[in-house]
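The values are calculated or read from the model by the stated rules, or taken from the named source; none is laboratory data. These numbers were taken from a predicted model, which means no experiment stands behind them. In this analysis, Cβ positions are derived from the backbone assuming ideal geometry, glycine residues included, and neighbour counts consider all displayed protein chains.
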Amino acid sequence: MLAVLPLPWPFEREYMQLALAAGLIVGICGPLIGTFLVQKRLSLLGDGIGHVAFAGVAAGLLLDVWPIWTALAAAVVGAVGIEWLRTRGRASGDLALALLFYSGIAGGVVLTGLAGSLNTSTLTYLFGSILTVGPSDAVTIAVLGVVIVLAVAVCWRALFSIVLDDEAARVSGLPVDGLNIGLAALTAVTVVAGMRIVGVLLVAALMVLPVGAAQRVARSFGATLLVASAIGATSAVVGLGTARQWALAPGGTIVLVAGAIFALSAVVGTRRRGAQVVVGSLDPQPEAIGPDAERLRQ
Amino acid sequence: MSAVALRVDAVSFAFRDHPVLDCVSLEVPEGAFVALAGANGSGKSTLIRIALGLLPAAQGQVELFGRGPRQLRERWRIGYVPQRPVASELLPATVRDVVAAGRLARRGWWRRPRSTDRVAVDRALDVVGLHDLAGRPLGELSGGQQQRTFIAKALATEPDLLVLDEPTTGVDAESQRRFRDALVEARDSGGAVVLVSHELGAVADDLDRVLVLRHGKIAFDGAPGDLAASGVSLGVHPTDLPVWLEGIG
């Protein structure tokens, strides 16, 4: 039993505080990994790995093992497998993803059928159930979150270099294959960490939408990582509060908030870029033409 | 006698049944500025990719600083600027972010930047004339400025061999001039420079050697003056150069 912190509504109760902690961790970690996936045009990788993680959950229910561990094992194997297929040229990026999507969900359905457990427990992992996160879940999510943050802190510059130009990175001696596999494995860890929060079907949204918003307002790569994580965390907090106020599904609400922030950033980002173009056009002074030209020149 | 930065010995390569390179040999000593020219499809980029260890040769050998590409531990000694499209407007990276990435291999990719890294990045930005734009997002720059950014990234490594694959295609005159200055600076500081290009006009007076590749074979290997004497102008319009080169060999 954890001590309940003196937080204001809507986080005054223990179950909401556990949900808040788990939501914040996933809200911060998802975009950290997603920033690299979006730049590598692999935005749907998290979704594909989520489907494989579902097969892992079903295997756990069948074998009577805690589904988090079996999901983690399946997700890491699936992530490394897709990276291998992609980089060895055995399948194009979208075909490799399709393979992962359909094999994962089909495997999950078959294993769930064998376990005879297509019930509330399965739906918990498919759509998330953040309000039922217990202390042991929160600790597991926290450990996975620490792994993700530490790995990104050490590797982000090298991963950025690969995003920028993987051939030049390879020529300069960076371990491109190893770092790509590491990123795929971290994606799997992130998916599993977020499984209880928003579910395997929506977890990729938290890896992509905050990044889409951040890259419209941030100027540097480091700033994009920080802003995207801040947006992910804000989505978790606002989504949880909104869900409690109107008794909505928390996982879906968190993702909808992230989507709303993305839409807002698209408007703000477009206006800002437009303003920069206008400023740029003032130097050098454009030549005035037409009937008002003489007056303008005076 | 200068040490050899790059040695390609009797290299052949084919894509399936289509021969691309046929027993190509060349040497680039340290401190040399060499251009590799040839029409589209003559095998220039394939030769460079093999020389850098990105493609395995079907036959023949490649040495970088006396070692096979996979055996060379100090890979940071090579600076490489590949062919590239213009960066996406949404790429969230400043010019400084991109140039600083060139220092990773030299200091160890897991280490944080040190003051020597910052000095090298500033110097590379100065050389290509982009210091004032260091804080600007790459996607807001012109194509020529973006190319200079990637050349600065390679220069920031402080390489002993700088290889550039078609870096000036579609680049404005100001960028061409800055580009020429950067390559001459790299050569004058003791490094070898290999430039793959159709457009050699900007650097014609600075080149030590020109190699012309035609149908996968070296058709010419000599001084720029000798090439001019055989009727080929390096200063012609880019689309004309391959036509001129058809008469070589």
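From the list A:Ala53, A:Ala58, the one residue that fits, being crowded, with 24+ Cβ neighbours inside 10 Å, within 19 Å of the chain's Cα centre (by Cα) and of a type in the set (A, V, I, L, M), is A:Ala53.
Of the residues that make up segment A:173-191, is at least one acidic (Asp, Glu) and outside any helix (DSSP H, G or I)? No, segment A:173-191 contains no residue that is acidic (Asp, Glu) and outside any helix (DSSP H, G or I).
Looking across segment A:141-166, the residues that are crowded, with 18+ Cβ neighbours inside 10 Å, within 8 Å of chain B (Cβ to nearest Cβ) and in a helix (DSSP H, G or I) come down to A:Cys155, A:Arg157, A:Ala158, A:Phe160, A:Ser161, A:Leu164. Can you say whether A:Ala22 is surrounded by 24 or more Cβ atoms within 10 Å (Cβ to Cβ), within 18 Å of A:Asp137 (Cβ to Cβ), in contact (Cβ under 8 Å) with a residue 12 or more places away in the chain and within 22 Å of the chain's Cα centre (by Cα), as far as the supplied structure shows? Yes, satisfied. Restricting attention to segment B:130-144, the residues that are surrounded by fewer than 16 Cβ atoms within 10 Å (Cβ to Cβ), part of a helix (DSSP H, G or I) and facing chain A (nearest Cβ under 10 Å) total 0. Residue check, B:Pro56 against (1) facing chain A (nearest Cβ under 10 Å); (2) at pLDDT 90 or above; (3) outside any helix (DSSP H, G or I), all met but one. Which one? Every listed condition holds for B:Pro56 apart from (1). Which residues, taken from segment B:31-46, are farther than 13 Å from B:Leu195 by Cβ and in a helix (DSSP H, G or I)? Matches in segment B:31-46: B:Thr46 only. Of A:Gly134, A:Gly81, A:Gly104, A:Gly113, all but one fail to be more than 14 Å from chain B (Cβ to nearest Cβ) and either surrounded by 18 or more Cβ atoms within 10 Å (Cβ to Cβ) or in contact with an Asp or Glu (Cβ under 6 Å, 6 or more places away or on another chain) (or both); the exception is A:Gly104. Of the residues A:Leu72, A:Leu37, A:Leu99, A:Leu62, the single one that is in a helix (DSSP H, G or I) and free of Cβ contacts under 8 Å to residues at least 24 places away in the same chain is A:Leu99.
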